[in-house]
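These notes are about the structure you will find just below.
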Amino acid sequence: MGNRKRRTKLAVITGAGVLGVVCAVSVTVGSAGAAPDENGNHCTTNVGNGEKKCFGTLEEAQQYANVRIKGNAGGAQTRVEKRTDVVIGTLFEHWRYGGDSITLWGSRPCTSERKTSFYFNLPDEWKGRVSSVQGWAECEVTLYTRSYLEGVSSPRFKDLTPVIDGTWNDLAESIEFR
């Protein structure tokens, strides 16, 4: 009788462990394949072809961009321009990387010559909303008060910038990546 109780306990513990692993895998797989949400507040955009997808969370948007870029054997099937595509920056609505966001990717890292590698005209609903930026892939970020890199330009943001203060907060209409 004692052995039977131990086996039952062991079966329950093993079953709970297996169920825990199945649940953990389900959560991981579910978030990796997050479905785009047209009304989501966190979007990704390919600066080369303009492809845009939105998600409910920043994590889902960034994960989508990373999956599209890295290790994608499908290549043309998913419209990744080149296997060297990289995330070049993320723009945020609020200070300290809060609020809505746009994660941008391009076909390569920025160059050491600091010539314009990419630019991005903000969609109308984003003009005058950028309050913090993250430049990635060796890119420095410059904000412009008008589309197509026209108007007044900000100083270059060479590092992650959690607070775009005073004169540049909520003024950008286009972004340059060097």
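Listed values, structure above:
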| quantity | calculated |
| --- | --- |
| Amide hydrogen neighbours beyond the local backbone of ASP100, cut-off 5 Å, H modeled | GLU93, HIS94 |
| Long-range amide H partners of CYS139 with built H, under 5 Å | CYS110 |
| Extended-chain gain in nm, criterion 0.36 nm per residue less alpha-carbon gap, ASP170 and LYS52 | 40.3 nm |
| Under the Karplus curve 6.51 cos²θ - 1.76 cosθ + 1.60, θ = phi - 60°, whole-Hz ³J(HN,Hα) for region 109-114, x wherever Gly or Pro sits | x, 5, 9, 6, 6, 6 |
| Ranked by how many other beta carbons lie within 10 Å on average, peptides 53-62, 164-173, 134-143 from highest | 134-143, 53-62, 164-173 |
| Cross-link reach list, aspartates and glutamates versus LYS127, counting only Cα pairs under 18 Å and skipping chain neighbours closer than eight places | GLU93, ASP100, GLU150, ASP165, ASP170, GLU173, GLU176 |
| Label point distance in nm, SER153-ASN66, each placed 7 Å from Cα along Cα→Cβ | 3.2 |
| Inter-site label distance for THR111 and ALA35 at 7 Å from Cα along Cβ, in nm | 4.3 |
| Surrounding net charge for GLY128, when Lys and Arg each add one and Asp and Glu each subtract one, Cβ distance under 11 Å | -3 |
| Karplus (6.51, -1.76, 1.60) ³J(HN,Hα), θ = phi - 60°, over region 136-141, in Hz, Gly and Pro reported as x | 10, 6, 6, 8, 9, 10 |
| ³J(HN,Hα), Karplus 6.51/-1.76/1.60, whole Hz, each residue of region 148-161, x for Gly, Pro | 6, 6, 9, x, 7, 9, 7, x, 6, 9, 8, 10, 4, 10 |
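Read-outs throughout are calculated quantities, based only on the coordinates presented, and are distinct from any laboratory measurement. None of these values were measured; they are calculated from a predicted model. No Cβ is skipped: glycine too gets one built from the backbone with ideal geometry, and neighbour counts run over all protein chains shown.
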